[in-house]
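Have a look at the structure below, then the notes.
The values are calculated or read from the model by the stated rules, or taken from the named source; none is laboratory data. This is a predicted model, so every value here is computed, not measured. Heads up, the Cβs are rebuilt from the backbone with ideal geometry, glycines too, and the neighbour counts pull from every protein chain shown.
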Amino acid sequence: MHTRELSVFVENKAGRLAVLTKLLGQAGINIRGFSVADMSDYGIVRLIVDKPDEAAALLRDRSFIVRESNLICIRVPDQPGGLSSILNMLSASDINVEYMYAIVDTLIVFNVENPDQAESLLLESGVKVVSGPEVYSL
Amino acid sequence: MKMKIWDRRRECARREEIDELQRRNLAHTLKWAYDNVAMYRHRMDKAGFDPTAFKCPDDLRRLPFTTKQDLRDNYPFGLFAVPKDKLVRIHSSSGTTGKPTVVGYTRRDLRTWSELVARMVTAAGVTHRDTIQISFGYGLFTGGFGLHYGMERVGASVVPVSSGNTQRQLMIMQDFGTTALVSTPSYAMYMAETLAEAGIDPAGLELRYGLFGSEPWSEEMRTELEHKWNITATDNYGLSEIMGPGVSGECLLKQGMHLAEDHFFFEIIDPKTEEPLPAGEEGELVITTLTKEALPVIRYRTRDITRIITDPCPCGRTLYRMTRVVGRTDDMLIIRGVNVFPSQVESVLLEIEGTQPHYQLVVDRQGQLDTLEVWVEVSDNLFFNEMKRMHELSETIRSRIESVLGLNVKIKLVEPRSLARSEGKAKRVLDMRKK
């Protein structure tokens, strides 16, 4: 089962991230992981939260633009070459990684071209893939 | 398509009849203004112009233009040609950019105005069977009352909602079965958004026509409005200094606005040299009233940029047409020597799928160089979770605007609803250069 990610458009001006995180906090939504990709004028805030549906509805209600994507979450072996072995498997099968980032622990979420194919490929190779619900409740 | 014509005798008159009517009424107006308005008397005397010797419209060129400043300088009633007891209505501009301009109407002027609006709305598809929601502001602004009385003249059911309170507008539209909406195009767009947010399907409304005016808009915005509301949208034109709405309006063929040439004389001039331009060239519209009693106006500079079409319209009307106003000489920005109208940017944005026309041009100066930034609100269709696609989007917008304007621009994507919304005329330009 994939891990849902919310991408939010945020203008690069003081306090916007604070507003965003405060909204989620007040609604009792827990952020399990995040990443910020930024340009000079705006950024894309990527969020893994425990209640993705609620969070998306809340943000949209407050006029944020939100896009939802399915990512796969992988437990990367915590040892030298751990990440490399995962990436090699994906590239050997021609699966392109759009972006990835580490969330809690050594968990890393990947936005890949074909999450289903990537997931079964990794599972077959004995890599631990963590399900969405599991991620949310970590 | 069978289209109704309100006043066939006038609207389909032979050209010679219109020319003769114009010549006769011009002579009358010049005399009327000379006898009753001090400013015009002084100006004609100074130009050595004898109104009784007026022969043909070309003679007009010897007279100076009337400007908005002239109306301000004569605030409030200095240019009126009748005593106050002959006035039955007085309107005024808001005066946000200085002293307000005040305009007045005699009983006959109001009758003419209603008649011309009736003509215009009939051309736009309205009949006595329609229910009209007027979402123009009422009050001193001529838009609300102008449309109101013209619609009543046609016999339509008029709902004078005025502007604002968008939720109530939509409720009335649904409950009263509004069939035609009168508003500014930007407010119609804003209402359409609210409609979509409320989850109302426009196909379920009885709305069929939109009569939009009082600010420049683009052909692409028309397409968007027609699609969003599931209606036929027409453009119309007018200005309070001349009368109000009803000076010109499109028929359902939507190929230019038929001019009320039996009540106004139109010229196109080069706004820089102030010389008249040959028929068909784009320039500033100049209007002389032909039948106004209370406030005759001679060679009024409208600041609106348009073109006159003399080809006959397939609808059967013989009155010449003007193209949609591409901009105002005072909206026109000169950036690094290039003329820029906000409507050009709007056209580009609407061509890019999914882009809402919520934008603002921000002009500034760094050192000696003018800079132009275009701020565009992102929307659901305009947001991707991948940075490279966002970057591509900005680049697409940038390169298209640059190719249209011939200027370097910087695109700034901003959050939804962060640009100011207006229920009246949209504010599209922020010029931060020192004047």
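Yes/no per residue for (1) in contact with a helix residue (DSSP H, G or I) (Cβ under 6 Å, 6 or more places away or on another chain); (2) modelled with pLDDT under 95; (3) not in a strand (DSSP E or B):
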position	(1), (2), (3)
B:Ile90	no, no, no
B:Ser114	yes, no, yes
B:Tyr138	yes, yes, yes
B:Gly143	no, yes, yes
B:Tyr149	yes, no, yes
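With the checklist (1) within 25 Å of the chain's Cα centre (by Cα); (2) not in a helix (DSSP H, G or I) in hand, flag the one item B:Arg10 doesn't pass.
Checking B:Arg10 against (1) within 25 Å of the chain's Cα centre (by Cα); (2) not in a helix (DSSP H, G or I), the one that fails is (2).
Applying the selection to the stretch B:29-47, what residues are touching a helix residue (DSSP H, G or I) at 6+ places or on another chain (Cβ under 8 Å) and among the hydroxyl-bearing types (Ser, Thr, Tyr)?
Step one: list which residues in the stretch B:29-47 are touching a helix residue (DSSP H, G or I) at 6+ places or on another chain (Cβ under 8 Å), which gives B:30-31, B:33-35, B:39-41, B:44, B:47.
Residues satisfying the conditions are B:Tyr34, B:Tyr40.
All but one of (1) in contact (Cβ under 8 Å) with a residue 60 or more places away in the chain; (2) basic (Lys, Arg); (3) over 26 Å from B:His148 (Cβ atoms) hold for B:Arg307; state the number of the condition that does not hold.
Condition not satisfied by B:Arg307: (1).
For the stretch B:163-198, how many residues are assigned to a loop (DSSP other than H, G, I, E, B) and surrounded by 16 or more Cβ atoms within 10 Å (Cβ to Cβ)?
4
Yes or no: the stretch A:123-133 includes at least one residue that is in a loop (DSSP other than H, G, I, E, B) and closer than 21 Å to A:Ser35 by Cα. Don't jump to the end; show me each part of the working.
At the first step, the residues of the stretch A:123-133 found to be in a loop (DSSP other than H, G, I, E, B) are A:125-127, A:131.
Cutting the leftovers down to closer than 21 Å to A:Ser35 by Cα gives us A:131.
Yes: one or more hits.
Between a first residue in the stretch B:98-109 that is basic (Lys, Arg) and a second residue that is part of a loop (DSSP other than H, G, I, E, B), which pairs have beta carbons less than 6 Å apart while being 6 or more apart in sequence or on different chains?
Correct list of pairs: B:Lys99/B:Tyr75; B:Arg108/B:Glu293.
Applying the selection to the stretch A:119-130, what residues are loosely packed, with under 14 Cβ neighbours inside 10 Å and not aliphatic (A, V, I, L, M)?
Within the stretch A:119-130, A:Ser120, A:Glu124, A:Ser125, A:Gly126, A:Lys128 qualify.
One line per residue, one yes/no per condition, for (1) touching a helix residue (DSSP H, G or I) at 6+ places or on another chain (Cβ under 6 Å); (2) in the same structural domain as B:Asp58 (by TED's automatic domain parsing):
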{"site": "B:Arg299", "(1), (2)": "no, yes"}
{"site": "B:Ile305", "(1), (2)": "no, yes"}
{"site": "B:Thr310", "(1), (2)": "no, yes"}
{"site": "B:Gly316", "(1), (2)": "no, yes"}
{"site": "B:Val340", "(1), (2)": "yes, no"}
{"site": "B:Ser347", "(1), (2)": "yes, no"}
{"site": "B:Val362", "(1), (2)": "no, no"}
{"site": "B:Arg365", "(1), (2)": "no, no"}
{"site": "B:Glu373", "(1), (2)": "no, no"}
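Can you tell me which residue among A:Asp105, A:Asp50, A:Asp94 is at pLDDT 90 or above and on the phi > 0 side of the Ramachandran plot?
Exactly one of A:Asp105, A:Asp50, A:Asp94 is at pLDDT 90 or above and on the phi > 0 side of the Ramachandran plot, namely A:Asp94.
Does B:Trp113 qualify as being within 27 Å of B:Ile269 (Cα to Cα) and more than 25 Å from the chain's Cα centre (by Cα)?
Spelling it out, it is not the case that B:Trp113 is within 27 Å of B:Ile269 (Cα to Cα) and more than 25 Å from the chain's Cα centre (by Cα).
It is to be established whether one or more residues within the stretch B:119-138 are over 18 Å from B:Thr232 (Cα atoms) and of a type in the set (S, T, N, Q).
There is no residue in the stretch B:119-138 that is over 18 Å from B:Thr232 (Cα atoms) and of a type in the set (S, T, N, Q).
Restricting to the stretch A:71-105, name every residue that is of a type outside the set (D, E, K, R), within 13 Å of chain B (Cβ to nearest Cβ) and not in a loop (DSSP other than H, G, I, E, B).
Start the filter on the stretch A:71-105 by keeping residues that are of a type outside the set (D, E, K, R), which leaves A:71-74, A:76-77, A:79-93, A:95-97, A:99-104.
With the extra rule that they be within 13 Å of chain B (Cβ to nearest Cβ), the set shrinks to A:71, A:96-97, A:99-101.
Across the stretch A:71-105, the qualifying residues are A:Leu71, A:Val97, A:Tyr99, A:Met100, A:Tyr101.
Determine, yes or no, whether A:Met100 is farther than 28 Å from B:Lys410 by Cα, in contact (Cβ under 8 Å) with a residue 60 or more places away in the chain, surrounded by 14 or more Cβ atoms within 10 Å (Cβ to Cβ) and not charged (D, E, K, R).
It is false that A:Met100 is farther than 28 Å from B:Lys410 by Cα, in contact (Cβ under 8 Å) with a residue 60 or more places away in the chain, surrounded by 14 or more Cβ atoms within 10 Å (Cβ to Cβ) and not charged (D, E, K, R).
Only one of B:Thr178, B:Thr184 is closer than 30 Å to A:Ser63 by Cβ and in contact with a Lys or Arg (Cβ under 8 Å, 6 or more places away or on another chain). Can you tell me which?
Of B:Thr178, B:Thr184, the one residue that is closer than 30 Å to A:Ser63 by Cβ and in contact with a Lys or Arg (Cβ under 8 Å, 6 or more places away or on another chain) is B:Thr184.
For the stretch A:106-118, check the following and say yes or no: at least one residue is more than 14 Å from every other protein chain (Cβ to nearest Cβ), touching a helix residue (DSSP H, G or I) at 6+ places or on another chain (Cβ under 8 Å), surrounded by 14 or more Cβ atoms within 10 Å (Cβ to Cβ) and farther than 30 Å from A:Ala27 by Cα.
Yes: the stretch A:106-118 contains one or more residues that are more than 14 Å from every other protein chain (Cβ to nearest Cβ), touching a helix residue (DSSP H, G or I) at 6+ places or on another chain (Cβ under 8 Å), surrounded by 14 or more Cβ atoms within 10 Å (Cβ to Cβ) and farther than 30 Å from A:Ala27 by Cα.
Does at least one position in the stretch B:312-320 carry a residue that is at pLDDT below 85 and either out of contact with any Cys (no Cβ under 7 Å at 6 or more places or on another chain) or closer than 15 Å to B:Glu219 by Cβ (or both)?
Looking through the stretch B:312-320, none of the residues is at pLDDT below 85 and either out of contact with any Cys (no Cβ under 7 Å at 6 or more places or on another chain) or closer than 15 Å to B:Glu219 by Cβ (or both).
If a residue has to be facing chain B (nearest Cβ under 9 Å) and more than 29 Å from A:Glu119 (Cα to Cα) to count, how many in the stretch A:61-70 make the cut? Before you say what the answer is, go through the steps one by one.
Residues of the stretch A:61-70 facing chain B (nearest Cβ under 9 Å): A:63-69.
This time we only want the ones that are more than 29 Å from A:Glu119 (Cα to Cα), so: A:63-64.
Of the residues in that region, 2 qualify.
How many of the residues in the stretch A:1-42 are under 22 Å from B:Leu382 (Cβ atoms) and free of Cβ contacts under 8 Å to residues at least 12 places away in the same chain?
3
Please indicate, with yes or no, whether at least one residue in the stretch B:380-397 is surrounded by 15 or more Cβ atoms within 10 Å (Cβ to Cβ), of a type in the set (Gly, Ala, Ser), away from every other protein chain (no Cβ under 13 Å) and in contact with a strand residue (DSSP E or B) (Cβ under 6 Å, 6 or more places away or on another chain).
No: zero hits.
State whether one or more residues within the stretch B:86-107 are touching a strand residue (DSSP E or B) at 6+ places or on another chain (Cβ under 6 Å), aromatic (Phe, Trp, Tyr) and surrounded by fewer than 19 Cβ atoms within 10 Å (Cβ to Cβ).
No - not one qualifying residue is present in the stretch B:86-107.
Looking only at the stretch B:42-58, which residues are within 14 Å of B:Phe266 (Cα to Cα) and assigned to a helix (DSSP H, G or I)? Even if it seems obvious, please write down each step before you answer.
Initially, the stretch B:42-58 is screened for residues within 14 Å of B:Phe266 (Cα to Cα), giving B:56-58.
Answer for the stretch B:42-58, where residues must be within 14 Å of B:Phe266 (Cα to Cα) and assigned to a helix (DSSP H, G or I): B:Pro57, B:Asp58.
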